[in-house]
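Taking it in order: structure first as structure tokens, then the write-up.
Just so you know, all these numbers are worked out from the coordinates, no wet-lab data involved. These numbers come from a predicted model, not from an experiment. Quick reminder, even Gly has a Cβ in these numbers, built from the backbone with ideal geometry, and neighbours come from all protein chains shown.
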Amino acid sequence: MNAVTDPSALQRWKWPDGTTSVLSRPWDHGRRPIHFDEQTQSWVISGYNAAREVLLGTGWSSDPLAAEVSRQALRANGLEDAPLAQTMLSLDPPDHGRARGALRDVFTPRYIASMSDGIAAIAAEVIGDVASGVTFDLMSRIAEPLPIAVIAEWLALEPHVAQLMWDKTSELVLGLEGTILPSDDVPSISGLTAVLAEFLPVCAERRQQPENDLLSLLATDPQLELDEVVSNAILLAVAGHETTAKLLGTSMIRLCAGDVGDRLIDTLDDVGADRVIDELLRLDGTAQIVVRAATGRREIDGHTIEPGARVIVAIAAANRDPEVFEAPDEFRPDRDKGRPHLALGYGRHRCLGAALAKLELAIALRQLCARRPQLAGPVTWHASGILRGPTQVPLVFTDRAER
């Protein structure tokens, strides 16, 4: 067997920073933009054009139960249904539009921009609490608390609920991964049970006595049943901090290497924060894959995909397709925006919170780089093939500003 077909070769593949990923192989897709992966019993699509075709086109379902291999994995783990199956993330039209409908108007770039001062104040408090010259962990001190504080404030969650989300999110993500990646470990549902126990009464209360917050807006939507409100509220809480925290961590690792960090603030001013953030998303986007199931026979790049087959779109690989992005491994914020990255999804399932994540990252990067950060030790990484990001990033601020 050669490296193209040998499943063990997939396990040996590594990112340049040493982290491993079974599914996202940005250096491989030039030879095979689509192939069948025996290990996951799925079609893996890593070429940009094929990936965008699946994400944008009809004939594909986001429902985890639409693929037989996913149903088998769930049954093997003692589950009849996928965790949080009623979220907008896994619904197809028309239910998908119904689930997003209540929130569409408040997740527009214009509305999110109005939150800038509030986010900046939270960031200043979190970042300003760290003294200069002292080594600290970026993830636990800044990258995780900042987005959690923002989404918890918007949802009006009690502090103990926000803390629970912080504690249980990684467990929830690994549980979801168990329906895709081969594993001898049965995904634990204890974390999901604990989160559901907290969110159910809160959502029921906001449904009856709404307040001026995002959760109340969701809870009072007459188009949604209570269980749908609960599932989507949990999704907002998880997605509202987990992906942003990891992206902030990977971004700072990249920006603290070489001279990128020294010129970042000038770059933000010269080309604009959106271009810098988009290039960081293209290179280091948190979500490595999205999963679809074929609802009918599909032809992609000469391959026939049968109805019910699972397709894993390796968006991390597609975002480094050398046929689309010149020097795909280089940080180039002045790239032509004619071919957008896929890090935030594409088509109807494009990330609802894209504008919020980008605003948080832009504010945090400006404030962090003003403190002149330097890496102060080895980085450790999250053990996931779905969401890539660091668990610990030792950092030190070298500015001499008084606290």
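Going by amide H atoms built from the backbone, whose H comes under 5 Å of the H on S42, apart from near neighbours?
For S42, the qualifying residues are D37.
Counting other beta carbons within 10 Å of each residue's own, what order do S132, S42 fall into, fewest first? Before the final figure, lay out each step's value.
Numbers: S132 14, S42 22.
Ranking S132, S42 by Cβ neighbours within 10 Å, fewest first, gives S132, S42.
According to the Kirkwood expression over distinct Cα-Cα pairs, how big is the hydrodynamic radius of segment 7-397, in Å? It would help to have the intermediate numbers written out before the result.
Working: mean 1/r = 0.0464 Å⁻¹.
For segment 7-397, inverting the mean 1/r across all distinct Cα pairs yields 21.6 Å.
Using a Förster radius of 45 Å, what is the FRET efficiency between T304 and H160 based on their Cβ-Cβ separation? Nearest 0.05, please. Spell out each step's value before the answer.
Details: r = 52 Å, r/R0 = 1.15.
That gives a FRET efficiency of 0.30.
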